[in-house]
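Shown next, in structure tokens, is the structure this report addresses.
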């Protein structure tokens, strides 16, 4: 994370509301859920990512003297509130779905249980971080899926939306399944493989292409990928590369990891022709890498066309999630604690759009796996106090079409609670795995989905149902609000 | 700028190429151009932004001991090169088009003249910063144009692609013409107005909507904007807001800056109905603000429908430039100095796509204004040593269709050289204006464009022509390369 103090990385309204709570009902403990409503790219799932940076943010949440002076200069905050801010520490609980987990719409990825002022302040930064990294991890998983076992390298830094987008975007892309990134800072910060060879400018800085290739091969014989499209791919680039490979072979230099990179032109045709030339010269193990405005659809199409590419550098479309550059996560009040009873009173936000009505209450999520093959059968959002028994039949139903019921037989399923404790009373109780460990987790997570959910066109929906008790709680709140509204008129 | 050391914010290949130059031809001085090929959003122009952060990056370019250790751990760099890096300082010249300037495709926004190793290293970070901020400034200018004088507030932090994207995106949005941002950190770092009131959670945390409004109005009577769509906009939200405004009026509290915010529903209908209710209650000067997935097209459409909104909060679509989330800037080698003659030898990159062939040589750009009305007539890319005389006729021509010639009569035009010196021999010789000053510059810059260039559909192209000498240089290089290629076959 950048060492910049991110405490003021928030919307002004979080602070004006905080002052409002400070003056009126600061003591209340509340529950906020961060969730999203629609999978990016019209896909069947998303990948949760960004938690490690959320943890860093929460741990470092401090209003410096400069921050307080700045806020004072706005002339909207009173001294008692600024005094409170200067001593501010996050004291609440946070639960989260671990990074790398496959997730679905309406599931709280992060749940904050804290005094209302604290829970409100952290809204913006949590959303910024989670929205960004989950977006890029999801896009990367799609690209990796399209490549069917070929390597995907993240090459997008120069087109990222600023330095953080490049650094944390590459982190998220690794979580989604990339084998490496060109981004050296990400490599340093997160101990992930960095990759890359040379650009057109390298070739152009020499008197001719052959000399440029030859110089490069002399320097990096162990990992020698030559960019062949600066002048003319098939007439100049590939023949010059072959000449250099032949010279290396003749000189007895072991050719281990070597090949060419295509960065323009018709990649299907070029890769097939280049393959023929390489094979004819006896370089059957030279790989062909490609880059050039790639995304999951283009990779899938090139593979269907029988292209001879086995390594893909994906830039702009991955690092910006170009066809869907925002994740759309929101952060909604779900419950307020009644301090006299200690119980959470569920809260709901209405909307003319049924999909936008929130799920009330202090909740958790259970994932239901089929014991047989380990695939996900459904997810169940329940109230936090509810318990379930794998030794009993379970009946779940679609919350928008309640007649659609499914019985899951006793002892055929396994339950997993997705939300895990991350902060307790302001102390961090969670240790993030390394990025490469999260990557492994994420690859296994994707195995819990059927191909039908991973496909790009009309993916099968994984059901996210509500427990009976949560469904009744929600229905009663809606009924009550509707009654109140009719009585007013 | 984040205080994180951004020296390793680079692609690995910049460093492998650097080591290659170090071993072969490190002494050469080169010219690199950062330019883009296509205006974002199919528009007629772009806004240059991000230079201040590029300057910070160049000034702070230092490989720390940790950086060197990390690079050593990759086992691809030799000790003499790592030793060179540990003493690295940027020693070259940089020229740039000032922030806030309207720019067009193929114009170098930044020109780097430096030893080849240094010029290569800075490629990635320069592109990351310039691509991001120019993208968002351009999008903001479009949204501001659609609003025809209404205020645009930047509200996108939570949907930005990470913290920097939020912070520098808001900076760029201000340059493009927004009146303020919700992003407090941007306000603090760049001294720009911050804005915002409350969210649905504020309303939901009170027993009822009226109490929430009333409490808010008591706290912030001087700038009281009430969010009216938590439950039912026209039946509950607006009547409750009016009740609070009436109570304020009755209590003799001066109503200065006050109004309502709509965040969902049909904004055309809702705003007209809300306007009627407010007017009927005697609150003709209450403003109506709106937010809800807005962009330039929706704002233009709502205004055509006679909506009653005068203030717009624009989030996701602005901060991500959702319909075009990458600027596409590239960084290409243009010339190499012949150390014996001291002259720059032009270099060109070929491509099967004519538009992708680069403009060779050490260049500059002249903007040609019509003296009469101050609008831009055309831009002229020329070689750096060329001079032009406003007292003489000027004949310019389309470089792709050279028969399209225009004569500009002597003394009817004014020339302005767009590239200004920013670094000389590694020293910064440029002082960035404040963001609000750049915003003023940018608003004036947009006045140098005809509406026909600013419109969203089929905007009129501003011609970017090549000087006679540059055109001849380019043609000769292309001819030579074509001849070489034919001879080889």
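Looking at residue A:377 and the list (1) in a strand (DSSP E or B); (2) within 14 Å of another protein chain (Cβ to nearest Cβ), which single condition is not satisfied?
Status for residue A:377: all satisfied but (2).
I'm checking my understanding of the structure. Among residues of segment B:1-51 that are facing chain A (nearest Cβ under 10 Å), outside any loop (DSSP other than H, G, I, E, B) and surrounded by fewer than 20 Cβ atoms within 10 Å (Cβ to Cβ), which one is modelled with the lowest pLDDT?
B:24
For every residue, the table says whether it meets (1) under 12 Å from the mean Cα position of the chain (by Cα); (2) within 13 Å of chain A (Cβ to nearest Cβ); (3) farther than 21 Å from residue B:45 by Cβ.
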position	(1), (2), (3)
B:91	no, no, yes
B:109	yes, no, no
B:113	no, no, yes
B:116	no, yes, yes
B:119	no, yes, yes
B:124	no, yes, yes
B:132	yes, yes, no
B:137	yes, yes, no
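So for segment A:316-327 (the condition being within 11 Å of another protein chain (Cβ to nearest Cβ), surrounded by fewer than 20 Cβ atoms within 10 Å (Cβ to Cβ) and under 30 Å from residue A:240 (Cβ atoms)), does at least one residue qualify?
No.
Tell me the strands (runs of 3 or more DSSP E) entirely within segment A:212-294 that contain at least 1 residues that are within 10 Å of another protein chain (Cβ to nearest Cβ) and closer than 30 Å to residue B:327 by Cα. First the steps, then the outcome.
Values: elements: A:223-227, A:257-262, A:287-291.
Of the strands (runs of 3 or more DSSP E) lying wholly inside segment A:212-294, those with at least 1 residues that are within 10 Å of another protein chain (Cβ to nearest Cβ) and closer than 30 Å to residue B:327 by Cα span A:223-227.
Within segment A:328-340, does at least one residue satisfy the condition of being assigned by TED's automatic domain parsing to the domain that holds residue A:92, out of contact with any helix residue (DSSP H, G or I) (no Cβ under 9 Å at 6 or more places or on another chain), touching a residue at least 40 places away in the same chain (Cβ under 8 Å) and in a loop (DSSP other than H, G, I, E, B)?
Yes, segment A:328-340 has at least one match.
Select from segment B:466-486 the residues that are surrounded by fewer than 11 Cβ atoms within 10 Å (Cβ to Cβ) and away from every other protein chain (no Cβ under 12 Å) and write down the one among them that is nearest to residue B:362 (Cα to Cα).
Taking the candidates together, the pick is B:479.
Would you mind stating whether residue B:83 is over 32 Å from the mean Cα position of the chain (by Cα) and either at the interface with chain A (Cβ under 10 Å from one of its Cβ atoms) or modelled with pLDDT of 95 or more (or both)? Let's see the steps before the verdict.
Details: over 32 Å from the mean Cα position of the chain (by Cα): yes; either at the interface with chain A (Cβ under 10 Å from one of its Cβ atoms) or modelled with pLDDT of 95 or more (or both): yes.
When the stated conditions are applied, residue B:83 passes them.
With (1) in contact (Cβ under 8 Å) with a residue 24 or more places away in the chain; (2) within 11 Å of chain A (Cβ to nearest Cβ); (3) assigned to a helix (DSSP H, G or I) as the list, and residue B:54 as the residue in question, which single condition is left unmet?
(2)
Residues being part of a loop (DSSP other than H, G, I, E, B) and either farther than 13 Å from residue A:325 by Cα or out of contact with any strand residue (DSSP E or B) (no Cβ under 8 Å at 6 or more places or on another chain) (or both): count how many of those fall in segment B:310-327. Reasoning before the result, please.
As a first pass, look at segment B:310-327 and keep what is part of a loop (DSSP other than H, G, I, E, B): B:310, B:315, B:320-327.
Now narrow it down to the ones that are either farther than 13 Å from residue A:325 by Cα or out of contact with any strand residue (DSSP E or B) (no Cβ under 8 Å at 6 or more places or on another chain) (or both): B:310, B:320-327.
Qualifying residue count for the region: 9.
Looking at (1) in contact (Cβ under 8 Å) with a residue 40 or more places away in the chain; (2) in contact with a helix residue (DSSP H, G or I) (Cβ under 9 Å, 6 or more places away or on another chain); (3) part of a loop (DSSP other than H, G, I, E, B), which one does residue A:397 not meet, given that it meets all the others?
Answer for residue A:397: the failing condition is (3).
Do you know which of the residues in segment A:200-211 that are more than 7 Å from chain B (Cβ to nearest Cβ) and in a helix (DSSP H, G or I) is nearest to residue B:115 (Cα to Cα)? So that I can check it myself, show each step before the final result.
Going through segment A:200-211, the residues more than 7 Å from chain B (Cβ to nearest Cβ) turn out to be A:203, A:206-211.
After this cut, where a residue has to be in a helix (DSSP H, G or I) as well, the list is A:203, A:209-211.
Details: A:203: 16, A:209: 21, A:210: 23, A:211: 20 Å.
Restricting to residues being more than 7 Å from chain B (Cβ to nearest Cβ) and in a helix (DSSP H, G or I), the top hit is A:203.
Go through segment A:171-194 and count every residue that is facing chain B (nearest Cβ under 9 Å) and touching a residue at least 40 places away in the same chain (Cβ under 8 Å).
1
Looking for whichever is over 29 Å from residue A:219 (Cα atoms) and at pLDDT 95 or above here; the options are B:72, B:106, B:89, B:62. Which one fits? Before the answer, list the steps.
Working: B:72 fails: over 29 Å from residue A:219 (Cα atoms); B:89 fails: over 29 Å from residue A:219 (Cα atoms); B:62 fails: over 29 Å from residue A:219 (Cα atoms).
Being over 29 Å from residue A:219 (Cα atoms) and at pLDDT 95 or above holds for just one of B:72, B:106, B:89, B:62, which is B:106.
Among the residues of segment B:424-465, write down those that are farther than 19 Å from residue B:100 by Cα, in contact with a helix residue (DSSP H, G or I) (Cβ under 7 Å, 6 or more places away or on another chain) and surrounded by 14 or more Cβ atoms within 10 Å (Cβ to Cβ).
Within segment B:424-465, B:428, B:456, B:459 meet the criteria.
Take the conditions at pLDDT below 95 and at positive phi and apply them to residue B:232. Does it pass?
no
All but one of (1) at the interface with chain A (Cβ under 7 Å from one of its Cβ atoms); (2) in contact (Cβ under 8 Å) with a residue 60 or more places away in the chain; (3) within 15 Å of residue B:319 (Cβ to Cβ) hold for residue B:162; state the number of the condition that does not hold.
All conditions are met except number (2).
What's the number of the only condition in (1) assigned to a loop (DSSP other than H, G, I, E, B); (2) away from chain A (no Cβ under 11 Å) that residue B:197 fails to meet?
All conditions are met except number (2).
Kindly establish whether residue A:344 is surrounded by 12 or more Cβ atoms within 10 Å (Cβ to Cβ), in contact (Cβ under 8 Å) with a residue 24 or more places away in the chain, part of a strand (DSSP E or B) and within 14 Å of chain B (Cβ to nearest Cβ).
On the way: surrounded by 12 or more Cβ atoms within 10 Å (Cβ to Cβ): yes; in contact (Cβ under 8 Å) with a residue 24 or more places away in the chain: yes; part of a strand (DSSP E or B): yes; within 14 Å of chain B (Cβ to nearest Cβ): yes.
Judged against the criteria, residue A:344 is a match.
The values are calculated or read from the model by the stated rules, or taken from the named source; none is laboratory data. Because the structure is a prediction, the values reported are computed rather than measured. No Cβ is skipped: glycine too gets one built from the backbone with ideal geometry, and neighbour counts run over all protein chains shown.
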